[in-house]
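Readers should treat all values here as calculations from the given coordinates under stated rules, not as data from a laboratory. Quick caveat, the model's predicted, so the values are computed rather than measured. Here the Cβ positions follow ideal geometry from the backbone for every residue, glycine too, while neighbour counts run over all protein chains shown.
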Amino acid sequence: MQQATVLIIEDEPLIRMAVADDLVDAGFRVLEAGNADEALAILESDHSIGAIFTDIDMPGSLDGLELAWIVRDRWPPVHIIVTSGHRKVEERDMPERARFFPKPYAHQPVIDTLRTLLG
């Protein structure tokens with residue numbers, strides 16, 4: 001069975017690496033981006049991505065919520081999980097079927113959610 005691929009978008013390298021390590025340990029294939037622009041380039045070149053896990057507040061031309069809306073528009077099957085330690089995001093602020101985890105979050109609920117979403 002092929003591993004499900006998750007793209008992590010997080011500008012804090014230590015947080016990104018910790019999440020990536022836990023997802024790899026849980027059996028996912030993981031790609032990483034430090035901002036939304038990098039994430040879009042990866043999404044355009046790798047069509048195996050089944051989900052993104054994105055922070056909202058990042059440097060660059062787009063924040064994580066803007067990225068989430070672009071992903072929903074351009075890659076509708078890709079599942080979206082959004083996280084932030086600075087903002088409380090309501091369901092109406094996110095694209096349809098997106099999930100929100102406030103920081104700090106435990107990694108196991110994120111892993112469980114990804115397993116459910118990606119089957």
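Length gained on full extension, Ala106 to Glu12: 32.2 nm, using 0.36 nm per residue less the C-alpha separation. This model, with +1 at the C-beta of Lys and Arg and -1 at the C-beta of Asp and Glu, gives the chain a dipole about its Cα centre of some 420 debye. Take every Cα pair under 8 Å whose residues are at least 6 apart in sequence, average their separation, divide by the length of the chain, and the relative contact order is 23 percent. From largest to smallest, the equivalent ellipsoid semi-axes obtained for the chain from the alpha-carbon gyration tensor read 18, 16, 15 Å.
Protection proxy ranking, highest mean first, for peptides 12-24, 47-59: 47-59, 12-24, where packing is the per-residue count of other beta-carbon atoms within 10 Å, averaged.
Annotation note: GluC sites (Glu not before Pro) in segment 1-103 located in DSSP loop regions with a Cβ neighbour count of at most 13 within 10 Å are Glu90, Glu96.
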